[in-house]
1. Which pairs do you get when a residue that is at pLDDT 95 or above and of a type in the set (Ser, Thr, Tyr), found in segment 414-431, comes within reach of a residue that is within 6 Å of ligand 1 (Cβ to nearest atom) and in a strand (DSSP E or B), reach meaning Cβ atoms under 6 angstrom, with the pair 6+ apart or on two chains?
2. Please go through segment 137-178 and pick out each residue that is on the phi > 0 side of the Ramachandran plot, away from ligand 1 (no atom under 14 Å from the Cβ) and not aromatic (Phe, Trp, Tyr).
3. Tell me, which residue of segment 60-118 that is part of a loop (DSSP other than H, G, I, E, B) and hydrophobic (A, V, I, L, M, F, W, C) is farthest from Ala329 (Cα to Cα)?
4. Identify, from the list Glu162, Glu175, Glu188, Glu169, the residue that is of a type in the set (Asp, Glu), within 16 Å of ligand 2 (Cβ to nearest atom) and either touching a residue at least 12 places away in the same chain (Cβ under 8 Å) or open to solvent by 50 Å² or more (accessible area, probe 1.4 Å) (or both).
5. Please indicate, with yes or no, whether at least one residue in segment 29-42 is within 28 Å of Arg491 (Cα to Cα), in a loop (DSSP other than H, G, I, E, B), touching a Gly at 6+ places or on another chain (Cβ under 6 Å) and of a type in the set (Asp, Glu).
6. Cβ-Cβ below 6 Å, separation at least six or inter-chain, first residue in segment 108-133 and closer than 23 Å to Gly469 by Cα and modelled with pLDDT of 95 or more, second among the charged types (D, E, K, R) and open to solvent by less than 40 Å² (accessible area, probe 1.4 Å): which pairs?
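The values are calculated or read from the model by the stated rules, or taken from the named source; none is laboratory data. Owing to the predicted nature of the structure, the values given are computational and were not obtained by experimental measurement. Reconstructed Cβ throughout: ideal geometry from the backbone, glycine too, with neighbour counts over all protein chains shown. Heads up: the accessible areas ignore ligands, DNA and RNA and are worked out on the full protein's heavy atoms, side chains in. Shrake-Rupley method; radii C 1.70, N 1.55, O 1.52, S 1.80 Å.
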Amino acid sequence: MTTINKLSNHEDEIVTLKGWIYNSRSSKGLHFLELRDGTGLCQCIVSEEEVSEDVFEAAGTLKQESSLSITGKVIKDERSVGGYELHATDLKVYQVAENYPITPKDHGVEFLMENRHLWLRSQRQWAAMQVRNTIIFSIHQFFQEEGFIQMDAPIFTGNAAEGTTTLFETDYFDEKAYLTQSGQLYAEAMAMAHGKVYTFGPTFRAEKSKTRRHLTEFWMIEPEMAFYDLDMNMELAEKMLKFIIKSVLEKHESELDILERDRSFLKKAASEPFKKISYTEAVEQLKSDSTADMLDQMEKDRESEKKEIKQELEEIKKEHGSAKKWRKAQIDERIKEIHSRIDQIDEDLRNIPVWKESAANFEWGNDFGGSDETILTMQYDTPVMVHRYPAAVKAFYMKRDPEDDKLALALDVLAPEGYGEIIGGSEREDSLDVLLERIEAHDLPKEAFDWYLDLRKYGSVPHSGYGLGLERTVSWICGLTHVRETIPFPRMLGRLRP
Ligand code: 4AD
Ligand code: MG
């Protein structure tokens, strides 16, 4: 037995593949079975002349997602998916599947989410999970090679780390406990024992917002380093992101093709230095004429694109009536594409005036909203590192800027192409007295933080760290518009099953 991704090692040999029918069609004396086996797709040709009568008949009954093992000769064929075909000599059916609910026709996203357990088998979903796996692996590889140790932070916690409004409360033997929002505070303790550590675990936020970037359960990677200041922290974040992106570009040509991912931004992020601007500069930019001009131009571009594709739509609709069968299928495909593009354009056209208004009226001191980040990142080719935010909008543990007490030594990394925040981090407050003040000012229960305060009593040192959101990173790298497609079973507002 072998797998589809290894077929190139078996040219002209007889091999056996095991998998599921992705698609099938028949013509005189031939069945074309498109097989998927979890490693790729392969066209298998079952010819009446090459197999027994029983086998040929069985091959004709196989509906989508039926499971089978198939034996045949591996033939190189450039035009075929994956570059190889299997000319079958034998076939064994495990199960003839019932009518599969997900067909190649367009399904609404709600239907697909209800069938997430099956949707995972579709090509795009499969490709995204393959890339997710490589991102996870490359993160471990990066930190291990940089001399970090991985640590597991607890999931049941006694206190908030990232604000009290998004806590999931649970009952811990008659005591209140919360699902962790971040492993950071525990990582700080471990960094004082090991120097450089990182967590890689699930984190929970009771986010009541239904947006394309919010999950209630997501995976976060949180490095924490003793003796690192904000600049070193930023340098590490950039180096890590470049490493991840390079790994994906190296390993996933074909998956990125399936996802129809434009590589230009990824390539720039992998090779060019990231843009670094302060929060104050970012605010100036939001309010600038160049931002307003960019949005005006975007509006014009979208309108003219819409006009063009609407015209194309009219023309191909006219052509449809008299077109040959293969051309009709092509036209149907294009019509689908045009409709979904028009939906996107309409959404942009509704958004642009709102964005314009929000950018022009942005006030120094506020936190950036999703749309502000979108606008900012649309003006750069690489990820943007925004540093030194107003302390008032950031977490209690962030160190103040010694140059300006209103600012925290915070860092956000915003992914380009409108994606926005994928990393949040900071230098940490290392003075016991200041930290005590902050805990009070944020109205947090001091008792719950006693252990954390100990870290500032016994050999306190400058230290820094950040959190990378795995799903938002996968979403950007794969070019997916919504984080729901970046994790096998997403948990979000209104979604607990399957
Ligand atoms: O900016 P956040 O809240 O930072 C922290 O939790 C810090 N304790 C990290 C640290 O310094 N160790 O979250 C970090 C990242 C965000 O940039 C985002 O990518 C992701 O976690 N994130 C979410 N991803 C999906 N759904 C949500 N609801 C998310 N909330 C945060
Ligand atoms: Mg943040």
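1. none
2. Across segment 137-178, the qualifying residues are Gly147, Asp174.
3. Val96
4. None of the other options fit; the residue is Glu162.
5. Yes; the residues of segment 29-42 include at least one that is within 28 Å of Arg491 (Cα to Cα), in a loop (DSSP other than H, G, I, E, B), touching a Gly at 6+ places or on another chain (Cβ under 6 Å) and of a type in the set (Asp, Glu).
6. Hits for this filter: Ala127/Glu255; Ala128/Glu485; Gln130/Glu255; Val131/Glu255.
A quick yes/no check of all residues on (1) among the charged types (D, E, K, R); (2) over 29 Å from the mean Cα position of the chain (by Cα); (3) open to solvent by 60 Å² or more (accessible area, probe 1.4 Å); (4) outside the structural domain of Arg388 (by TED's automatic domain parsing):
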position	(1), (2), (3), (4)
Gln297	no, no, yes, yes
Ser322	no, yes, yes, yes
Lys325	yes, yes, yes, yes
Lys328	yes, yes, yes, yes
Ile331	no, yes, no, yes
Ala359	no, no, no, yes
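Table: residues versus (1) in contact with a helix residue (DSSP H, G or I) (Cβ under 6 Å, 6 or more places away or on another chain); (2) more than 23 Å from Tyr419 (Cα to Cα); (3) in a loop (DSSP other than H, G, I, E, B).
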| site | (1), (2), (3) |
| --- | --- |
| Gln125 | yes, no, no |
| Ala161 | yes, yes, yes |
| Tyr186 | no, yes, no |
| Ala193 | no, yes, no |
